[in-house]
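Only one structure is covered here, and it is reproduced in the block below.
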Amino acid sequence: MSVSTPLLDTIEPDEPPVKLSGNISSAKASPNARKPVVLTPTNRTQGSQMATTQSDAESGASGIAGIFRQSAHPMALFFLYFFRISAITIYVISGFLTDNYVLSTVMVVVLLAMDFWNCRNVSGRTLVGLRFWNQVDDDGESYWVFESRDPSRPANSIDSKMFWIALYVFPALWTSLLVVSILKLGLAFIPIVILALVFNLANAIGFTYADRDAKQRWANSVVGGGWGLGSLGGQLITGAVQKGVGRMFG
């Protein structure tokens, strides 16, 4: 191999560098350059995005799904309405589905009994913090016992509202069905409706008195001392609050 020809002569020179002037942002971009991509943070689903206006927030909170989302105890709220709606639904449509009177009666009675137990022992204690029962002492005298949660831990507003709606609306529905049964001379179904009214009214009356008893005891504990006004001031304020509570709740 001859070394007379220098190796540098066989290498092509590099392209002359382009001299840049001015600001970098003012340089002309290549026509084939890809447009810049702007990344914006978004959620995976549009339904989970936060509401931007008050109307969007109100529409998202409305409806059955919104009620269960805002509820502190959605399962207790679900079964409260499930047993009650199921009992009325089966009572209304049983005549269209089957001619077996005994089967439809047993199904409605079972649902009513489950609703009565669930409302008194689970839903009332969980949703509004109230419970009641009847106790018989050794002398044979019976009396009502009411329990309520600590007033410093108030119930969820949605749970409380939906509980009292269910407590008072469904007895009214069963009353209307009783009127319809009497007008249609459906004597065979009147005992079922009367049993449903007994169960529903028992819970309605019991929880109403439990709520009134809880408010009276709260008034005694809060204003019993009269906020430092002395014994006379405490007695006056306590009497006024108890009188107002008594007028409001019967």
Worksheet item: List the pairs whose first member sits in the stretch 110-139 and is without any contact (Cβ under 8 Å) to a residue 60 or more places away in the chain and of a type outside the set (Val, Ile, Thr), whose second member is part of a helix (DSSP H, G or I) and open to solvent by 50 Å² or more (accessible area, probe 1.4 Å), and whose Cβ atoms are under 8 Å apart, counting only residues at least 6 apart or on separate chains?
Response: Asn118/Phe79; Ser123/Phe79; Trp133/Arg120
Practice prompt. Consider only pairs whose beta carbons are under 6 Å apart and that are at least six residues apart or on different chains; among these, list those whose first residue lies in the stretch 70-87 and is polar (S, T, N, Q) and whose second residue is open to solvent by less than 50 Å² (accessible area, probe 1.4 Å) and outside any helix (DSSP H, G or I).
Written response: none
Practice prompt. Scan the stretch 82-106 residue by residue and report those that are over 17 Å from Leu201 (Cβ atoms) and either among the polar types (S, T, N, Q) or modelled with pLDDT of 95 or more (or both).
Written response: Phe82, Ile85, Ser86, Thr89, Ser94, Thr98, Asn100, Ser104, Thr105
Discussion item. Being closer than 30 Å to Gly66 by Cβ and open to solvent by 30 Å² or more (accessible area, probe 1.4 Å) is the requirement here; does Ser152 meet it?
Written reply: yes
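The values are calculated or read from the model by the stated rules, or taken from the named source; none is laboratory data. What you see is a predicted model; the values in this text were computed from it and never measured. Positions of Cβ are backbone-derived with ideal geometry, glycine not excepted, and every protein chain shown enters the neighbour counts. Ligands, DNA and RNA are stripped out before the accessible areas are found, and what is left, the full protein with its side chains, is counted by its heavy atoms. Shrake-Rupley method; radii C 1.70, N 1.55, O 1.52, S 1.80 Å.
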